[in-house]
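Single-structure report; data block below.
The values are calculated or read from the model by the stated rules, or taken from the named source; none is laboratory data. None of the values given here were measured: they were computed from a predicted structure. As a convention, Cβ positions derive from the backbone with ideal geometry for all residues, glycine included, and neighbour counts pool all protein chains shown. What goes into the accessible areas is simple: the full protein's heavy atoms, side chains included, and nothing from ligands, DNA or RNA. Shrake-Rupley method; radii C 1.70, N 1.55, O 1.52, S 1.80 Å.
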Amino acid sequence: MPLFLLLAGLFLSAGAAHSEPGRAGEIFASLRAAVAQVRVIDTASGDKAAIGSGFQVAADGLIVTNFHVVSEAAHEPRRYRLEYLSDTGTPVPLQLIDVDVVHDLALLRAATPLAAVVPIAQEPLSHGERIFSMGNPLDLAMTIIEGTYNGFVEGARYRKILFSGSLNPGMSGGPALNEHGELVGINVARGGEQISFLVPGNYLEALRVRALDPARAAS
């Protein structure tokens with residue numbers, strides 16, 4: 001094949017691949033309505049005392065975030081109130097249902113549910129698989145970032161997933177998803193440049209069972 005035809009074919013192939021929507025974009029589009037900014041509001045001043053992210057795991061308005069995002073409201077409920085910010089910019093009240101302080105998780109109930117639900121993955125990840133993390137960094141806008149799964153942090157007292165991606169303040173409590181858009185972890189902390197940590201999704205399921213079905217949790 002003549003060289004110019006080979007180069008033309010490579011160029012067209014690269015251009016076609018570039019024009020196709022990436023997996024991150026597809027996941028963002030399908031789950032954007034299930035993820036929101038979570039706010040802790042000082043009831044006296046109306047100021048934001050803390051912000052983070054959260055996501056809906058049941059159509060009745062059950063939302064998950066990190067405990068550290070809502071800890072002020074948990075400790076001083078008369079001083080602070082909880083809300084999420086809707087797509088239209090409207091604040092929607094949230095009620096604190098239960099917490100798992102050890103694994104940094106909190107369950108909230110929204111007065112008005114979000115429009116979508118994040119499904120929970122049933123299959124474990126393999127080392128090196130892609131993960132997509134969603135959240136609202138630095139109060140800027142909802143974003144999605146891509147990284148890889150690197151197993152659990154060795155020597156950690158409590159299990160955490162090592163994620164090669166950059167989580168920033170405000171993304172805490174957002175979902176970390178596999179390539180099928182299913183929950184595998186919850187954003188929790190940044191460890192350094194391109195090093196972050198996730199709470200494994202199985203701890204969320206245990207908290208949800210305890211909060212919504214105490215009899216089953218006790219059995």
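Descriptive notes on the structure:
- Among all positions in segment 68-87, there is no residue which is part of a loop (DSSP other than H, G, I, E, B), charged (D, E, K, R), closer than 16 Å to ARG208 by Cβ and within 19 Å of the chain's Cα centre (by Cα).
- Residue check, TYR80 in contact with an Asp or Glu (Cβ under 7 Å, 6 or more places away or on another chain), in contact (Cβ under 8 Å) with a residue 12 or more places away in the chain and buried (at least 17 other Cβ atoms within 10 Å of the Cβ): yes
- Test: residue in segment 122-129 that is crowded, with 17+ Cβ neighbours inside 10 Å and either within 19 Å of VAL64 (Cα to Cα) or at pLDDT 95 or above (or both): no
- Residue among ILE41, ILE51, ILE63, ILE27 that alone is at pLDDT 95 or above, open to solvent by less than 70 Å² (accessible area, probe 1.4 Å), farther than 21 Å from PRO200 by Cα and touching a Gly at 6+ places or on another chain (Cβ under 6 Å): ILE51
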